[in-house]
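Below you'll find the structure, written out as structure tokens, and then a few comments.
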Amino acid sequence: MSERERTESLDRELTRLLDMGDRIVALAKSKGATVAECILRSGAELSAKVRMGETELVEEAGTRAAGLRIMKGKQVATTSTSDLSDAGIERFVSDAIELVELSQEDPFAGPADPKLLADPTSAQDLELYDPKGGGIDAAQAIELARRGEAAALAFDKRISNSEGGTFGRTAGGAALVLSSGFRVTYKGSYQSLSVVPVASDEGDKKRRGYHWTAKRFLDELENAEAVGQEAARRTLRKLGARTVATTEVPVVFDPDAARSILGTLAGCLMGSSIWRKSSYLMEREGTQVASDLVTIVDDPLLKRAPGSRPFDGEGLASRLNMVVEKGVLRTYLCDSYSARKLGRESTASASRGGGAGVGCSTSNFILRPGTASHDDIVKSTKQGLYVTDMMGFGFNAVTGDFSRGASGFWIENGELAYPVSEVTISLNMDELWKRIDAVGSDLDLRTSTASPTFRVSKMTVAGGTA
């Protein structure tokens with residue numbers, strides 16, 4: 001099937017889903033629902049894993065399912081099904097009606113304000129779908145994974161093993177139909193390649209490194225051989241890792257580790273966390289919550305980015321939200337429900353799951369890059385820790401207390417002196433963001449939460465046994 005034929009086939013499928021959504025919403029209304037919202041999804045995904053040159057796993061699956069959220073007054077129920085036959089739809093809607101009768105009333109329940117709904121005809125093309133990626137078959141996926149792993153194994157004889165090379169791709173679309181009259185379809189794609197080599201260290205310890213590439217458009221992926229070679233380099237530089245004495249030093253987070261820190265912060269900025277009083281950032285709008293080098297945005301309108309969307313899960317027009325501006329907290333991210341709980345308007349930050357339930361979410365949640373290069377940040381650090389990996393999840397969202405296992409490299413006189421493993425880094429999250437004194441320029445939008453390299457001026461690094 002050609003790329004054009006693949007696109008046309010998906011467009012026809014989405015039209016069918018849109019018509020089915022109309023039927024489901026109308027049926028729910030006829031059975032007594034005051035509000036009915038239906039999300040239908042259709043797509044296909046493929047994953048192929050190769051280990052030591054041999055195919056270890058190939059999984060391919062197609063999905064076609066619907067989720068329904070209905071309201072009867074202030075009562076709410078959600079349900080989902082993959083049986084889209086006429087009889088299946090009848091049961092699906094009847095189950096939802098039965099569930100809503102059993103639910104408790106919620107004074108804050110309700111759909112999005114119709115006045116805030118997007119105009120689907122004016123949505124800009126964010127270039128989220130690449131038919132070429134969807135055309136990768138199992139044999140091609142296996143070959144890409146094999147090429148990546150082979151490049152890693154051939155890079156250096158010290159690469160003695162592998163946890164594999166994996167190629168995955170997904171493509172499909174969805175239809176959203178609301179009883180308010182909003183109805184729209186959208187489609188998207190995403191593909192990735194990862195390689196995880198293993199090298200033997202002293203005492204037969206196994207050191208594992210990795211590298212990966214991911215994009216919405218197939219042609220924008222890094223070359224398979226380049227991914228494998230970089231994965232090998234990252235593995236080899238971990239050989240000879242040791243611990244360090246407990247101390248307080250600057251800590252530099254590489255983009256992968258920095259992204260994890262940023263993602264932790266995102267949970268504390270959700271309107272749902274604020275009204276539940278489960279965030280250390282309660283009542284902090286308009287105050288300094290980070291260094292003035294820190295500007296964080298949630299931007300769903302970036303072309304080809306992994307978290308982009310022309311509208312949110314409730315049908316509101318997507319918009320850029322300035323979350324933290326030069327260290328000052330400007331807004332929490334709210335869907336309609338959390339906005340009502342907090343006495344404000346939605347920030348068009350709703351996501352809708354497969355079961356049609358709605359909650360707050362980020363889109364492209366980004367720490368905006370600075371002007372310093374990654375190398376400049378390391379060179380300007382006389383002594384400290386450069387973190388590439390973190391383990392565990394030691395974070396208390398209410399108090400902001402943060403402590404996680406980490407590994408990376410010790411910095412001495414602006415150089416990566418030797419690899420470090422089995423240490424713990426800790427600092428209250430509020431202080432961590434305020435102590436950022438350098439932000440890099442190396443932002444890479446491989447994932448929807450993304451950060452460049454940044455440095456925290458001082459954290460506690462607790463040594464262990466290497």
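The values are calculated or read from the model by the stated rules, or taken from the named source; none is laboratory data. Keep in mind that this is a model prediction, so the values were computed, not measured. Ideal geometry is used to build each Cβ from the backbone, glycine not excepted, and the neighbour counts take in all protein chains shown.
Does T381 qualify as being polar (S, T, N, Q) and in a loop (DSSP other than H, G, I, E, B)? When the stated conditions are applied, T381 passes them. Taking the criterion of being more than 17 Å from V387 (Cβ to Cβ), aliphatic (A, V, I, L, M) and surrounded by fewer than 22 Cβ atoms within 10 Å (Cβ to Cβ), the residues of the stretch 222-244 that qualify are A226, L236, L239. The requirement of being more than 29 Å from A348 (Cα to Cα) and in contact (Cβ under 8 Å) with a residue 12 or more places away in the chain is satisfied by L427. Of the residues screened, S291 is one that is part of a loop (DSSP other than H, G, I, E, B), of a type outside the set (D, E, K, R) and more than 20 Å from the chain's Cα centre (by Cα).
Looking across the stretch 202-239, just one residue is among the polar types (S, T, N, Q) and without any contact (Cβ under 8 Å) to a residue 40 or more places away in the chain, and that is N223. Restricting P111, P107 to those that are part of a loop (DSSP other than H, G, I, E, B), free of Cβ contacts under 8 Å to residues at least 40 places away in the same chain and within 30 Å of R319 (Cβ to Cβ) reduces the list to P107.
Each row is one residue, and each column tells you yes or no for (1) farther than 30 Å from P197 by Cα; (2) surrounded by fewer than 18 Cβ atoms within 10 Å (Cβ to Cβ).
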| site | (1), (2) |
| --- | --- |
| E13 | yes, no |
| S42 | yes, no |
| S47 | no, no |
| E59 | no, yes |
| G62 | yes, yes |
| D95 | yes, yes |
| E98 | yes, yes |
| P107 | yes, yes |
| L117 | yes, no |
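The requirement of being buried (at least 16 other Cβ atoms within 10 Å of the Cβ), without any contact (Cβ under 8 Å) to a residue 60 or more places away in the chain and more than 21 Å from the chain's Cα centre (by Cα) is not satisfied by R276. Condition first: part of a loop (DSSP other than H, G, I, E, B) and modelled with pLDDT of 95 or more. Now tell me which residues in the stretch 1-39 satisfy that. Once the filter is applied, which keeps residues that are part of a loop (DSSP other than H, G, I, E, B) and modelled with pLDDT of 95 or more, the stretch 1-39 yields K31, G32, A33, T34.
Out of R455, R446, I need the residue that is within 24 Å of the chain's Cα centre (by Cα) and farther than 26 Å from R284 by Cα. Which one? Exactly one of R455, R446 is within 24 Å of the chain's Cα centre (by Cα) and farther than 26 Å from R284 by Cα, namely R446.
Being aliphatic (A, V, I, L, M) and under 30 Å from A109 (Cβ atoms) is a description that does not apply to A44.
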